[in-house]
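What follows is one structure encoded as structure tokens, with my remarks underneath.
The values are calculated or read from the model by the stated rules, or taken from the named source; none is laboratory data. Given the structure is predicted, the values throughout are model-derived calculations rather than measurements. Cβ placement follows ideal geometry from the backbone for every residue including glycine, while neighbour counts extend to all protein chains displayed.
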Amino acid sequence: MAEVTRRGVLAGAAVIGGAAAAAAAQGIAAPAALAAPPADGPPPPDPVTVGPGDPRYRSLTERGFNARFVGKPDYVRVVSTTAQVVDAVQQAVREGKRIAVRSGGHCFENFVDDPSVRVVIDVSPMRAVFYDARRRAFAVEPGALLGEVYRRLFLGWGVTIPAGATAEVGVGGHVLGGGYGSLSRRYGLSVDHLHAVEVVVVDKSGKASAVVATREPSDPNHDLWWAHTGGGGGNFGIVTRYWFRDPAAKGSDPAHLLPRAPEAITSFYATWSWKDLDRRSFEALVRNHGTWYERNSAPDSAYAGLFSVLMLNSRKAGTVSLVGHLDSTGAGAQRLIDDYVAAVGRGVGARPDRGQEDEPWLQSAANVQESSPASFKGKAAYLRKRFTDRQIAAVHDHLTSKAGGEVDGSLWLVSYGGKVNTVPADATAVAQRDSILKAVYMASWETQRGKPEPCVAWVRDLYRSVYADSGGVPVPGAVSDGSFINYPDADLADPALNTSGTAWQTLYYKDNYPRLQRVKAKWDPRDEFRHALSVRPPK
């Protein structure tokens, strides 16, 4: 599903970023043009309604990242303004049609492409990024791609938000699930910088309207803001604008209201061939990696600027790889990277193929592209500590099994912790605030020629084996801490696959779920916005 380039970048890293839009922005605007949308510019285009007979229909319904799912809505409404979103929602409610929203299209499951969805509201044209002086915050519309956001914030003001690792990831769904990426160990999550959100909601009478909710505790809509700091997409309404500002920022100079972007980064990779890894070597590699993160995930660590992924690929791929980057360059960065790679490889025996490259931050952040869409099944988990020896053995057995020699599968262990873990668990909807790694389990196949059943069975069995001691799922405990809603996995709601006795809602939201339910009851009392893993109103 993903490959490592010689520069150590992640092709296919949309998995790291969350929901994404369909295509990258073209061109670079001059910094002076980035301050705000021109007041006297051309009017926004009218909304477009595209039905099955329209030649644009397939392009709008088959643009999801997971080619496993293709929806067949009655129509897609392509919108460009908040007012158009309100009108589109109102019409769908009036017609009694189930709604889904698409800003990027990288949902792991069929939440948008479910057969019961009759209307898709496509907000991908809403891509504005500008400084809003009235709110002293940066406004970002949901269709903006992370590459666009990084480029505009950096060229205009030298700042950034800590978000996903792939330029093609879209802001809309990415932020709603928590928003993490390559700068999160240094600066926290995207939602830790979310100042306000504009949402189109539907009240008890069926009336659609747009409301703004802010971080301010005195805001009567504060609970709606909180729900959008990790509560996941498709739950409460349709986001039409985010505003970002560091909660600790002072004054009104926009260049000091968000974290400063790095000047440059050092990308690196280390790759081991499966031919050189026996069981003992593999287990030492995974154990070393987890132990290193246990010891180096404090917010004041010298490695706060490190982002890395240990890609434990099935034997079919031929290699196991450690890729990542450090948000600095020079001799000091070189020493940190060398020490890190040496610590992970200590006692492994086999020497990895290594490489690295220094490059300006913007070129790195704004240009990481995803691979072509494929059909895949993904699963996820948080790790508070390294895998146990039993779990590591289970991973080895599945990656090297007969099926592992035939399936394009992998387990990625992605860096986490640092500044993320300085925020209280109830301050945002992201409840996992003491983890050190995220685990992403994947199996993929070519849509036209592949056979999904063996691939899905393989990744399900791997996941179930790793968490065999807790009913086949990562129940919060000493090692695990549930799962990540931006990598949704409907299996967690299946009692045949989740035998833990722990509800899927707890796996995703822990003690924050009852509050999310209360927000749901207040702001979406008719349950207009729902999917297989949506927040349910309290009984």
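State which residue is modelled with the lowest pLDDT when the search covers only the stretch 12-68 and only residues that are closer than 24 Å to residue 91 by Cα and among the hydrophobic types (A, V, I, L, M, F, W, C).
Here the answer is 60.
If you take the residues of the stretch 99-124 that are assigned to a loop (DSSP other than H, G, I, E, B) and of a type in the set (A, V, I, L, M), which of them is surrounded by the most Cβ atoms within 10 Å (Cβ to Cβ)?
123
Hey, does the stretch 76-91 have a residue that's of a type outside the set (Lys, Arg) and either under 29 Å from residue 422 (Cα atoms) or touching a Leu at 6+ places or on another chain (Cβ under 8 Å) (or both)?
yes
Hey, does the stretch 69-88 have a residue that's at pLDDT below 95 and either surrounded by 22 or more Cβ atoms within 10 Å (Cβ to Cβ) or in contact with a Cys (Cβ under 9 Å, 6 or more places away or on another chain) (or both)?
yes
Among the residues of the stretch 486-514, count how many are in contact (Cβ under 8 Å) with a residue 40 or more places away in the chain, surrounded by fewer than 22 Cβ atoms within 10 Å (Cβ to Cβ) and acidic (Asp, Glu).
2
For the stretch 260-281, state whether one or more residues are of a type outside the set (D, E, K, R), under 22 Å from residue 433 (Cβ atoms) and not in a strand (DSSP E or B). First the steps, then the outcome.
If we filter the stretch 260-281 for residues that are of a type outside the set (D, E, K, R), which is where we start, we get 261-262, 264-274, 277, 281.
From the residues that got through so far, the ones that are under 22 Å from residue 433 (Cβ atoms) too are none.
Within the stretch 260-281 (the criterion being of a type outside the set (D, E, K, R), under 22 Å from residue 433 (Cβ atoms) and not in a strand (DSSP E or B)), the answer is no, since none of the residues qualifies.
Out of curiosity, is residue 395 touching a residue at least 24 places away in the same chain (Cβ under 8 Å), buried (at least 18 other Cβ atoms within 10 Å of the Cβ) and part of a loop (DSSP other than H, G, I, E, B)? Let's see the steps before the verdict.
Details: touching a residue at least 24 places away in the same chain (Cβ under 8 Å): yes; buried (at least 18 other Cβ atoms within 10 Å of the Cβ): yes; part of a loop (DSSP other than H, G, I, E, B): no.
Taking the combined requirement at face value, the residue does not satisfy it.
Is it fair to say residue 386 is charged (D, E, K, R), surrounded by fewer than 24 Cβ atoms within 10 Å (Cβ to Cβ) and in contact with a Gly (Cβ under 7 Å, 6 or more places away or on another chain)? Outline the logic, then answer.
Numbers: charged (D, E, K, R): yes; surrounded by fewer than 24 Cβ atoms within 10 Å (Cβ to Cβ): yes; in contact with a Gly (Cβ under 7 Å, 6 or more places away or on another chain): yes.
So residue 386 fits the description; yes.
If residue 527 satisfies every condition in (1) more than 25 Å from residue 389 (Cα to Cα); (2) surrounded by 19 or more Cβ atoms within 10 Å (Cβ to Cβ); (3) of a type in the set (D, E, K, R) but one, which is the exception?
Going through the list (1) more than 25 Å from residue 389 (Cα to Cα); (2) surrounded by 19 or more Cβ atoms within 10 Å (Cβ to Cβ); (3) of a type in the set (D, E, K, R), residue 527 breaks only (2).
Any residue in the stretch 416-438 that is in contact with a Cys (Cβ under 6 Å, 6 or more places away or on another chain) and not charged (D, E, K, R)?
no
Would you pick out the residues in the stretch 465-488 that are part of a loop (DSSP other than H, G, I, E, B), under 15 Å from residue 508 (Cα atoms) and in contact with a strand residue (DSSP E or B) (Cβ under 7 Å, 6 or more places away or on another chain)?
474, 481, 482, 483, 484, 487
Being on the phi < 0 side of the Ramachandran plot and either of a type in the set (Lys, Arg) or over 24 Å from the mean Cα position of the chain (by Cα) (or both) narrows it down to one of 270, 298, so name that one.
Going through 270, 298 in turn, just one is on the phi < 0 side of the Ramachandran plot and either of a type in the set (Lys, Arg) or over 24 Å from the mean Cα position of the chain (by Cα) (or both): 270.
Filter the stretch 125-136 down to residues that are assigned to a loop (DSSP other than H, G, I, E, B) and either among the basic types (Lys, Arg) or out of contact with any helix residue (DSSP H, G or I) (no Cβ under 9 Å at 6 or more places or on another chain) (or both) and give me whichever is surrounded by the most Cβ atoms within 10 Å (Cβ to Cβ).
127
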